[in-house]
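All remarks here apply to the structure that follows.
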């Protein structure tokens, strides 16, 4: 990590760190943060709804075990195979693209590109959702059935239960899980690299360009970029740990 | 079952299953326009490809090496910590979180710099540099899984019983402790296998030719065989993770299930 603070001749400097806040490096951080934020928040909310749908009373038990088993496996799909699966689905010759085209609606004519930021976000959701489902399921179990019945006995409506009991109890777990998802997507490299052939401007791809490409001007810039990522993720952890403690209060 | 539950579960099922179907569909297509559906041609291509066998062998051996090194390093350490130094446990648990804060892309930058100038047999060989990096990558999974395993048995009683019967330390470790944490060790090993077989970031930046690198190369150059190869790689992940879930049913082997492949 010390390399981030050295110049080409290994003298100490802050110039590399200052560079991070300038064009084009700051743009990469913005894109990275945006992708992570979108997939973490959307993944968090949709994951919560799917997990709740599988766990709530009335849903047969096998649905839940099937979903958690699948999530355990799918949270580990990622990287190159996942990118190919999406190219086969939504790429120019992808199965879904061809279906839509046969229905008379061409996604690429409406500005959709799999090899873009949106495409990366859609692909990332494939490992974000299962992770969310795995992480939030114990918290949903913590929402005890008796609370719901007690609220109903006191005359609370469905929305009142959620507004005053359900959401406040789930909130620390939900926020904690979203932060976990954020870090998960912020650190991801292989999927985006393979999906866009390295053309989407996110920090990990910029770092790798210094090692695998021809841009070997100043390796310390790559080290500074890595240092910046480390700072962001360390901040995430500092927020995450107290939230985790709070969330543990409601679990059994 | 509530109607909204149906809607969410069906949407999720569609989102998760369509890409898998699409990959299968691609893997069965012929590389010619207008050819009839469904050929095993792409699978034949994979089986007769020398690079495929070469890289998958490297990846499997690397996984094996990582698992063996990790178990040799961490089983006695965690055993010792549980037995004699319980106060050190939180420190190690904190260390185990570091690979989550330092993702592979950041780690490889640091490792490449730190080990620059080390002997050729280490720096330029996958068995040296890459295996070392993977041991670090596997450390949190090894730790959390083994730690849970050790917590579910009574380390003190087992050790004392074995020693009062006259067993040496090595006998205690291999004949008493190891059989009791077998499912935890197996779970950790399967997780490590899944990580190493899918790891792209470090191998790519350090310029080693492992299976994921080969997969990426095929993705870029030939679409339909890549479908067959991708499906194969999914099957390997499935197999590793399902075996993990099966051994994990036994006591205390379940832990966080997020690997570092992405």
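Bear in mind these aren't lab numbers, they're just calculated from the coordinates by the rules spelled out. Being a predicted model, the structure only gives us computed values, none of them experimental. Here the Cβ positions follow ideal geometry from the backbone for every residue, glycine too, while neighbour counts run over all protein chains shown.
Sorted by packing (mean other beta-carbon atoms within 10 Å per residue), highest first, where do A:176-183, B:191-198, A:103-110 land?
Highest mean packing first, the order is B:191-198, A:176-183, A:103-110.
Under the classification rounded if a/c is under 1.5, otherwise prolate if a/b is larger than b/c and oblate if not, where does the protein assembly as shown fall, given a ≥ b ≥ c as square roots of the Cα gyration tensor eigenvalues?
Rounded, since a/c falls under 1.5.
Nearest 10 degrees, 0 to 90: what angle lies between the long axis of helix B:155-164 and the longest principal axis of chain B (Cα atoms)?
With both axes taken from Cα atoms, the answer is about 50 degrees.
Could you list B:199, A:121 so that the one with the fewest beta carbons within 10 Å of its beta carbon is first and the one with the most is last?
Going from least to most buried by this count: A:121, B:199.
Compute the FRET efficiency between residue B:168 and residue B:124 as 1/(1 + (r/R0)^6), taking r as their Cβ-Cβ distance and R0 = 30 Å, and round to the nearest 0.05.
Rounded to the nearest 0.05, the efficiency is 0.15.
How do B:60, B:150 line up, fewest other C-beta atoms within 10 Å first?
The most exposed by this proxy come first: B:60, B:150.
Report relative contact order for region A:96-204 in percent, whole number only (criteria: Cα-Cα under 8 Å, sequence separation at least 6).
About 36 percent, as a whole number.
Can you quote the Å³ per residue value for the convex hull of the Cα atoms in chain B, rounded to an integer?
So the per-residue hull volume is 186 Å³.
Round to the nearest 0.05 the FRET efficiency obtained for residue A:163 and residue A:244 when R0 = 30 Å and r is the Cβ-Cβ distance.
0.75
If you average the sequence gap of Cα pairs under 8 Å that are 6 or more apart and divide by the length of region A:15-248, what percent do you get for the contact order?
Answer for region A:15-248 is 32 percent.
Quick one: grab the alpha carbon gyration tensor of region B:1-87, order the square roots of its eigenvalues as a ≥ b ≥ c, and give me rounded if a/c is under 1.5, else prolate or oblate depending on whether a/b is larger than b/c.
Here region B:1-87 falls in the oblate category.
Per DSSP H run of n ≥ 4, the term is -39500 (n - 2.57); total these for chain B, divide by its residue number, and report the mean residue ellipticity at 222 nm rounded to 500 deg cm²/dmol.
Theoretical 222 nm ellipticity from helices: -23000 deg cm²/dmol.
Within 10 Å of each Cβ in peptide A:87-93, how many partner chain Cβ atoms are there on average? Round it to a whole number, please.
Mean shielding by partner chains, rounded to a whole number: 6.
Taking only C-alpha pairs under 8 Å that are 6+ residues apart, what is the relative contact order of chain B in percent?
Rounded, it is 29 percent for chain B.
Relative to the longest principal Cα axis of chain B, at what angle does helix B:223-248 sit, 0 to 90 degrees, rounded to 10?
Relative to chain B, helix B:223-248 is tipped by roughly 30 degrees.
Where does chain A land at 222 nm, in deg cm²/dmol rounded to the nearest 500, when only DSSP H runs of n ≥ 4 count, each adding -39500 (n - 2.57), divided by all residues?
After summing the helix terms and dividing by the residues of chain A, the value is -23000 deg cm²/dmol.
Choose one answer from B:106, B:235, B:91: the residue with the largest mean-square fluctuation in a GNM of chain B with alpha-carbon springs under 10 Å.
Between B:106, B:235, B:91, it is B:91 that shows the largest mean-square fluctuation.
Rounded, prolate or oblate: pick one for chain A, where a ≥ b ≥ c are the square roots of the eigenvalues of its C-alpha gyration tensor, a/c under 1.5 means rounded, and failing that, prolate if a/b is larger than b/c, else oblate.
It comes out oblate by the Cα gyration axes.
Using only Cα atoms and rounding to the nearest 10 degrees, what angle (0 to 90) does helix B:50-83 make with the longest principal axis of chain B?
20 degrees
Rounded to the nearest 0.05, what FRET efficiency do residue B:243 and residue B:68 give with R0 = 25 Å and r taken as the Cβ-Cβ distance? Could you check?
0.90
So how far, in whole Å, is the C-alpha centre of region A:143-160 from the one of region B:35-79?
52 Å
Sort B:63-71, A:222-230, A:140-148, A:153-161 by packing, meaning the average of other beta carbons within 10 Å per residue, with the highest value first.
A:222-230, B:63-71, A:140-148, A:153-161
Counting partner chain Cβ atoms within 10 Å of every residue's Cβ in B:13-21, what's the average?
Counting Cβ atoms of other protein chains within 10 Å of each residue's Cβ and averaging gives 6.
For peptide A:172-184, how many partner chain Cβ atoms fall within 10 Å of a residue's Cβ, on average?
Mean partner-chain Cβ count within 10 Å for A:172-184: 1.
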